[in-house]
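Asks: Sharing a structure below in structure tokens format, with a few things to ask.
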Amino acid sequence: MKPLTRFEIARIIGARALQLALGAPPLIKPSKEDTPYAVAKRELEQKVLPMAVLRVYADGTTERVEL
């Protein structure tokens, strides 16, 4: 797996935290005091998110990076 950039990590955590805040079921067991951000960050660290990053390069090629 290719490493994610800090911008991709921020985008993934932000998008997942928004989903959780709007009522999406968590993919891990959260504790009572966990925020949507903390849950999203742990989901990414534990590699349980069914997401992919699509990178589009200047020469027109694309690359799909599975999480």
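Read the figures in this text as sums done on the coordinates, not as results from a lab. Because the structure is a prediction, the values reported are computed rather than measured. Quick reminder, even Gly has a Cβ in these numbers, built from the backbone with ideal geometry, and neighbours come from all protein chains shown.
Asks: Would you mind calculating the relative contact order of the range 6-66 from Cα pairs under 8 angstrom and at least 6 residues apart, reporting the percent as a whole number?
Replies: Details: 43 pairs, mean separation 16.2, N = 61.
Averaging sequence separation for qualifying contacts and normalising by length gives 27 percent for the range 6-66.
Asks: Still on this structure: Return the loop-located GluC sites (Glu not before Pro) in the range 1-58 (DSSP other than H, G, I, E, B) with at most 14 other Cβ atoms within 10 Å of their own Cβ; answer none if there are none.
Replies: GLU33
Asks: Roughly what angle does helix 6-21 make with the longest principal axis of the chain, taking Cα atoms, 0 to 90 degrees, to the nearest 10?
Replies: Once rounded, one gets 40 degrees.
Asks: For the range 19-55, which trypsin sites (Lys or Arg not before Pro) are in a loop by DSSP, counting at most 11 other Cβ atoms within 10 Å?
Replies: On the way: sites: LYS32, LYS41, ARG42, LYS47, ARG55; in loops: LYS32, LYS47.
Hits after loop and neighbour filter: LYS32, LYS47.
Asks: Which value, in nm² and rounded to one decimal, describes the direction-averaged projected area of the C-alpha convex hull of the range 6-66? Can you show the working numbers first?
Replies: Numbers: hull surface 18.5 nm².
Spelled out: convex hull of the Cα atoms, projected over all directions, averaged, 4.6 nm².
Asks: If you don't mind, another one. Tilt of helix 36-45 relative to the longest C-alpha principal axis of the chain, in degrees (0 to 90, nearest 10)?
Replies: That works out to roughly 50 degrees.
Asks: Treating the beta-carbon of each Lys and Arg as +1 and of each Asp and Glu as -1, no other charges, what is the dipole magnitude of the range 6-66 about its Cα centre, to the nearest 20 debye? Mind showing how you got there, number by number?
Replies: Values: 10 positive and 8 negative charges, 31 e Å.
Once rounded to the nearest 20, the dipole reads 140 debye.
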